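**Q** The structure is given below, and queries will be raised subsequently.
The values are calculated or read from the model by the stated rules, or taken from the named source; none is laboratory data. Just so you know, these numbers come straight off a predicted model, no measurement behind them. Ideal geometry is used to build each Cβ from the backbone, glycine not excepted, and the neighbour counts take in all protein chains shown.
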Amino acid sequence: MDTIYALASAAGKAGVSVIRISGPDALRCCAEMGVGIGENDRKLVKVIDEDGSLIDQAFAISFAHGRSFTGEQVVELQTHGSPAIVTAVLRRLGGLGLRLAEAGEFTKRAMENGMLDLAQVEGLADLIDAETESQRRQAVRVFNGALGELADRWRLKLVRAAALLEATIDFVDEDVPVDVYPEVNELIKAVSKEVSHEAAGVRVRERVRDGFEVALVGPPNSGKSTLLNRLAGREAAITSDIAGTTRDVIEVRMDLDGLPVTVLDTAGLRDSDDVLEGIGIERGRVRARHADVRVHLLDSEPERVVQRGDGLDIFLISKGDLLNGKQESGVSGLTGLGVDRLLEQISAYLQNQVAGAGVATRTRHQTALEKAGTALQTVRTGLERADLPVDLLAEDLRTAIRALDSLIGRVDVENVLGEIFSSFCIGK
């Protein structure tokens, strides 16, 4: 395995920069730079250039094999954050025969060495990209192994069920329970329920990662762009009394009580002979239909409402500051009337969606969960039929196990045989 190195902190001028070295030659190469450090140590060191001159005084930390992020021998040099110092240290490491790490190679080695599973790798990527508190919490759960723990628990139950079925096939004359179907059915039923719940929550968790969408819809001059600017806290959209000013969907990203939300300002809904405006209106309709929340700003013609879709529809009277005695049902981006109430309503709805959605966060997870769920349902149906060969049920059960194993990048069918031996004392 090559010894690799790279800048582990952000590029550019900073107070401190961290340079990571990972691999079997990490200690030797550091010693050649004047950094004499043990396999699990920390100390203040002087980094020496090839000509013997001082590059920098740094703090060095070493992590022994099996105790580092990558699982290999690792040394991290915390240098002063000057770009010139970082460049000099990286140049020196390259001159010692080390290889510059490829994108994501440290994390890849961590997975290959069993320090992280595949789901944790995805959680780490999400954690690095997290911009809101809800994104951080979700990413931390996955990175901390929550999905892996679920997969392990499901796997134990399904391996037990598979072992029971396999025992009826290959070890019928041994000391094996005669009627194993009730226990098998209970194990599969319990796992199926949890798998279905996780699969159903993937869409919401994806939204937490990528952002929910809130669409502002309504007729021209209903105050959508003004409301968008109020929510954004800046002039994100052009406002005008001229109908048809907004021709395309304008997006503003915001943090709503820790949730990532993209507010969409759509073109005013009307019949138009203008080709460009017509395209904008249709785009707005499509985006609004697929949004998580639609805020309908109505005037005196409430029939001009976009087709409802999944999610929440909120209906408000636009330009509520002009209403007399009916402001409780209105909103105004100009004065801020009703805006806080609107945000509270949207936040409450989205928070309720997120609550209890599970830990699976990606389409890949959903595909694996649905595949496992289908296989488990096939087994449950087969258990009710006396004429279906047990070996077919066992194969469907193995399909479910492999699908769940793919969540964390693990496939190991030998555990089924191990469960048989440990549970039934075969060969005693």
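**Q** Residue by residue through segment 356-393, note down the ones that are in a helix (DSSP H, G or I), of a type in the set (G, A, S) and over 31 Å from the mean Cα position of the chain (by Cα).
**A** Of everything in segment 356-393, just one residue is in a helix (DSSP H, G or I), of a type in the set (G, A, S) and over 31 Å from the mean Cα position of the chain (by Cα), namely G382.
**Q** Can you tell me which residues in segment 365-404 are over 17 Å from K157 (Cβ atoms) and in contact (Cβ under 8 Å) with a residue 40 or more places away in the chain?
**A** Result: H365, Q366, E370, V390, D391.
**Q** Give segment 93-109 a look and list any residue that's closer than 14 Å to A6 by Cβ and out of contact with any strand residue (DSSP E or B) (no Cβ under 7 Å at 6 or more places or on another chain), or say none.
**A** Selection gives E102, A103, G104, T107, K108.
**Q** Output the number of the condition that N185 fails; it satisfies all remaining conditions of (1) within 24 Å of A6 (Cα to Cα); (2) polar (S, T, N, Q); (3) over 29 Å from the mean Cα position of the chain (by Cα).
**A** (1)
**Q** In the list S225, S192, which residue meets the criterion of being modelled with pLDDT under 85 and either in contact with a Cys (Cβ under 7 Å, 6 or more places away or on another chain) or of a type in the set (G, A, S) (or both)? Steps first, answer last, please.
**A** Working: S192 fails: modelled with pLDDT under 85.
Exactly one of S225, S192 is modelled with pLDDT under 85 and either in contact with a Cys (Cβ under 7 Å, 6 or more places away or on another chain) or of a type in the set (G, A, S) (or both), namely S225.
**Q** For the list (1) modelled with pLDDT of 95 or more; (2) surrounded by 20 or more Cβ atoms within 10 Å (Cβ to Cβ); (3) closer than 22 Å to I128 by Cα, I need the number of the one condition that A101 fails.
**A** That leaves (1) as the condition not met.
**Q** Additional query: Being surrounded by fewer than 19 Cβ atoms within 10 Å (Cβ to Cβ), of a type outside the set (A, V, I, L, M, F, W, C) and either part of a helix (DSSP H, G or I) or without any contact (Cβ under 8 Å) to a residue 12 or more places away in the chain (or both) narrows it down to one residue among E198, E194; which is it?
**A** E194
**Q** Determine which single condition G71 fails, assuming it passes every other condition in (1) closer than 22 Å to E112 by Cβ; (2) assigned to a strand (DSSP E or B); (3) small (G, A, S).
**A** All conditions pass for G71, except number (2).
**Q** A further question follows. Considering segment 132-166 alone, what residues qualify as being more than 30 Å from V180 (Cβ to Cβ) and part of a helix (DSSP H, G or I)? Spell out the reasoning first.
**A** To start, the set of residues in segment 132-166 that are more than 30 Å from V180 (Cβ to Cβ) comprises 132-146.
Answer for segment 132-166, where residues must be more than 30 Å from V180 (Cβ to Cβ) and part of a helix (DSSP H, G or I): E133, S134, Q135, R136, R137, Q138, A139, V140, R141, V142, F143, A146.
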